[in-house]
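In what follows, a single structure is set out as structure tokens and then discussed.
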Amino acid sequence: MTAPRAVQLTVNGRPVEVVLEPRELLVDTLRDRLGLTGAHVGCGHGSCGACAVLVDGVGARACLVLTVQLEGAQVTTVEGVLPAGSGPDGGDDLHPVQVALSRCHGLQCGFCTPGVVLTAAELLAEQPCPDERTVRERLAGQLCRCTGYAGMVEAVLAVAAETAGSDRERAGDG
Amino acid sequence: MLGAPCRIHNPLFNYAASRIVGGPERVDQRWQRFVKPAAFDYVAASDVPAAVRALAASPGARALAGGQALLPLVNQRAVRPTLLVDLGRIDGLDRVEIRGGTLHVGATARLRALQAHPLLRTHAPAVAEAAGLVGPVHVRNRATLGGSLAHADPAAEVPAALLAARAMVRIVGSDGERTCPVDELVVGAHRTALGHGELVVAVELPLATDRLGGAFREFAVRTGDLPLIGVASQVRIGEDGRCVGATAVACGVADRPRPLAAPQALHGAASLSAAALRDVAAAVGAELDPVSDARASADYRRELTQVLTIEALVGAWRMAAGS
């Protein structure tokens, strides 16, 4: 009795209903049914972190979650890391972490990048100005096999420094 | 021939095959052949009795808590459950509270919440530290205390720390409820004394009466990996400033958490002298007979356990003395 069943969840703010077998993994639902190919399948058993998504606002590995577990849940993928239309001038823009990764050479082939973006964005939402150790600890679960981690860490710290700078500016203006 | 159903159980091959044969109907079905786990049924239990009934009714059933240990195995088809009983929807099963003179930690309490939980930090500091060392953050966000314990990986931090903290495990089955210590529950590598249909529902930790300190020290090749060796230690210091209890349990040396007898020599000590620590280290080396495998020799494991035991004892002692 592994008959397909209906699951309702919200993905990047959009309510969706999918009919699936219990064995379907969240990452496959996202990629193959919803066309959200940002979460990548690196290892398929929770080692690499390339499939990172947020479930109810908290980071998770989409290959270690069954979609049937998520009835009523809110899922955010890298495609929704910046809510649509929330960029400058109401347009679709890049998240500051994405801009910084590009500027600091924090990616090469890009396979691990979506997981890195989500992990870093989640960290910065919790702690706007983390220290380098915290950044490294958080990124430890995201495996990169080409460019290494120095550029990634630099990028996250650059966003943190910008936040701190603009906070100071605002405080100075006030 | 190209249109024949693909029978090779290699997702990559099937994916490649689906690209070769093409055709819109093939593309639509691609996800069906790209699944990783073997088929199973799923039920989200609404309460503990319902979970126990579901587990007892089906021989191939497995309980699903955070899924961070079970789903990797299911994805690789190393484990093929016929039914997964999801405990994630059971209200209150993740509760952490003082109840009946013990610290009650519900089975589905997430490790991420436990690592910084003030009650756990006070009454079972070694367990809180162990929780913070499991996997990367995204795994701890979903992994649970009960799941880590019942998975019984010989290198896992949580079962060793629970044993060092003298935890009792609450188990519910068709015949009712029972309680047993961790070393009666974990009987081997990935083997527990849980009967068919039985479920770990909570862990009960003794409340700290004396000044209590705890620490977990480990060596892992990469941050977030299972450690090669880990040592959990808790130290209790009485009102007169003397040690009234020192425990240490190692993971990664045997097929289950291995309690170390050596720290008992510290009972009655008023301080942690270098000589006493040397004696403990020597005794640890003498009492251990670690496994030897491709990752490390028995000698290396023994030496690592000696070093980590000392570090954990010092950490636990300092915390106890400082409080």
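Hydrodynamic radius of chain B by the Kirkwood approach over all distinct alpha-carbon pairs: 21.2 Å.
Computed from the Cβ-Cβ distance with R0 of 56 Å, the FRET efficiency linking A:Val16 to B:Tyr300 stands at 0.60. With a 10 Å cut-off around each Cβ of A:44-55, the average count of Cβ atoms from other chains is 4.
Averaged over peptide B:127-138, the number of partner chain Cβ atoms lying within 10 Å of each residue's Cβ comes to 4. The string of couplings for segment B:258-271 from the Karplus curve (6.51, -1.76, 1.60, θ = phi - 60°) is 10, x, 9, 7, 3, x, 4, 4, 7, 4, x, 6, 9, 8 Hz, one whole number per residue in order, with x for Gly and Pro. The 3J(HN,Hα) values that the Karplus relation (6.51, -1.76, 1.60; θ = phi - 60°) gives for segment A:51-62 are, in residue order, 9, 4, 9, 9, 10, 6, x, 10, x, 8, 9, 6 Hz. Gly and Pro appear as x.
Taking the helices alone, chain A has a mean residue ellipticity at 222 nm of -10000 deg cm²/dmol, built from -39,500 (n - 2.57) per DSSP H run of at least 4 residues and averaged over all its residues.
Put a dot 7 Å past the Cα of B:Glu177, heading toward its Cβ, do the same for B:Arg80, and the two dots end up 3.8 nm apart. Magnitude of the charge dipole for segment B:211-322, about its Cα centre and with charges confined to Cβ atoms of Lys, Arg (+1) and Asp, Glu (-1), is about 240 debye.
Averaged over peptide B:206-213, the number of partner chain Cβ atoms lying within 10 Å of each residue's Cβ comes to 0.
Placing unit charges on each Cβ (+1 for Lys and Arg, -1 for Asp and Glu) gives segment A:88-173 a dipole about its Cα centre, and among A:Leu101, A:Pro128, A:Thr163 the Cα reaching farthest toward its positive end belongs to A:Leu101. According to the calculation over all Cα-Cα pairs in chain A, the P(r) per 10 Å bin from zero is 10, 36, 33, 16, 5, 1, 0 %.
In this Cβ point-charge picture (+1 for Lys and Arg, -1 for Asp and Glu), the protein assembly as shown has a dipole of about 960 debye about its Cα centre. When segment B:96-206 is described by a simple charge dipole with +1 on each Lys and Arg Cβ and -1 on each Asp and Glu Cβ, the residue from B:His117, B:Val200, B:Leu162 located farthest towards its positive end is B:His117.
With the convex hull of its Cα atoms as the shape, segment A:12-61 has an orientation-averaged projected area of 3.8 nm².
Quick check for me: using +1 on Lys/Arg Cβ and -1 on Asp/Glu Cβ, what's the dipole size of segment A:5-80 about its Cα centre, in debye to the nearest 20? Present the calculation step by step, with values, prior to reporting the outcome.
On the way: 6 positive and 8 negative charges, 17 e Å.
Dipole magnitude for segment A:5-80 comes out near 80 debye.
With all pairs of different C-alpha atoms in the average, the Kirkwood value for the hydrodynamic radius of the protein assembly as shown is 24.4 Å.
Sequentially through segment B:212-225, phi angles give Karplus couplings (6.51, -1.76, 1.60; θ = phi - 60°) of 10, x, x, 8, 10, 10, 8, 10, 10, 5, 10, 3, x, 6 Hz, Gly and Pro residues having no value and appearing as x. A dipole drawn for the protein assembly as shown from +1 and -1 charges on Cβ atoms has a positive end, and of B:Ala316, B:Leu149, B:Ala78 the residue lying farthest that way is B:Ala78.
Each value in this text was obtained by applying a stated rule to the coordinates, not by laboratory testing. On a predicted model such as this, the values are computed, not experimentally measured, just so you know. Ideal geometry is used to build each Cβ from the backbone, glycine not excepted, and the neighbour counts take in all protein chains shown.
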